[in-house]
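Peer 1: Here's a structure for you.
Throughout, read-outs are computed from the coordinates displayed, never taken from laboratory work. Keep in mind it's a predicted model, so treat the numbers as computed, not measured. Cβ placement follows ideal geometry from the backbone for every residue including glycine, while neighbour counts extend to all protein chains displayed.
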Amino acid sequence: GMGGMGGMGGDPSQMAAMMQNPMMQQMMQQMLSDPQALDQMAAMNPQLGAALQNPQVRAMMSNPDFIRQMTDPNTMQAMMQMTDPN
């Protein structure tokens, strides 16, 4: 399932299509580069919250190159395939 992706749920191909939308990519980049947004996400998702307690993870999440890579549609698709048991 999609539990690892923050419980966003839904169809992986729908998610991939959404991530190919430039507006969505920009929104993700802004969200990931905003420490307050990260804190809000961590509050909603205990798994993410635990991960963000790690300074290395937090540094990675605020690295512009990492954010660009994470919001790349190919990376998103690869992640979907890893989290999708089918």
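Peer 1: Using label points projected 7 Å from each Cα along Cα→Cβ, tell me how many nm separate Val57 and Met44, to one decimal.
Peer 2: Distance between the two pseudo-spin positions: 1.7 nm.
Peer 1: Between Ser13 and Ser33, what length in nm is gained on full extension when 0.36 nm per residue of separation is reduced by their alpha carbon distance?
Peer 2: Between Ser13 and Ser33, full extension yields 4.6 nm more.
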